[in-house]
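Scroll down for the structure; my scribbles are underneath it.
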């Protein structure tokens, strides 16, 4: 059957391409997406990641067989019709940084490009006025 | 003339009086240079998310004002020179926000 061939073809680059980048934590948290992106992974380097997945989505008309289903994700900011994101709302912004203080990528925030931009700008402003950390607490402690 | 939001962080050791004097000085700088104060809000003494030159806390003050371009440069200059203010952020309030603030008011009949 075509199904088994398909799986083999898409899964092999996944193991190589993703593994060499050393982004193990992402792979754990979003294991289901790894397969989808992997077919592009060997052609493009890491920065082509996002565009690659987009193109992939448009091209694949065949229903996906096997593996966890990709659900349609809608930007929550769009749902709530958010016009602007305030840098002063630290508790809200805190949800969009990880424990090391880094801004979560779009694949984790599920925000659209526009809102991700607003989000990252707000986070950067909040950092400047010390409402949010630039680094995680435990990272600093080790440095002295 | 555009509306801007200024957030400044002042020395934690300042007492009420000194803080009032500081905000008064800032307001003077704005009004003396062709700006207009919209609102001033003391956000109180807060813990900083990370230490800034050994300081772990700071007094946060939030000022909304209508400023001209020349006013901004003068305001920024005086903020940098001020020893009581160790961090500030001046951002333009977007047209989106302004429209949002103005638009809903006339639409609701109960607002009168």
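Tabulated data for the structure shown
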{"item": "Computed lengthening from residue A:98 to residue A:110, 0.36 nm per intervening residue step minus Cα-Cα distance", "result": "2.9 nm"}
{"item": "Separation between Cα centres of the range B:2-81 and the range A:92-121, rounded to whole Å", "result": "28"}
{"item": "Residue A:72-residue B:64 pseudo-label distance in nm [points 7 Å out on the Cα-to-Cβ vector]", "result": "3.8"}
{"item": "Cα convex hull volume per residue for the range B:6-46 (Å³)", "result": "68"}
{"item": "Rg to Rh quotient for the range B:2-94, alpha carbon positions, Kirkwood Rh", "result": "0.96"}
{"item": "Amide N proximity, the range B:1-34 versus residue B:92 label position 7 Å along Cα-to-Cβ, cut-off under 12 Å", "result": "B:1-5"}
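Where a number appears in this text, it was derived from the coordinates with a stated rule and is not lab data. Since the structure is predicted, the reported quantities are computational estimates derived from the model, not experimental observations. Using ideal geometry, Cβ is built from the backbone for each residue, glycine included, and neighbour counts are taken over all protein chains shown.
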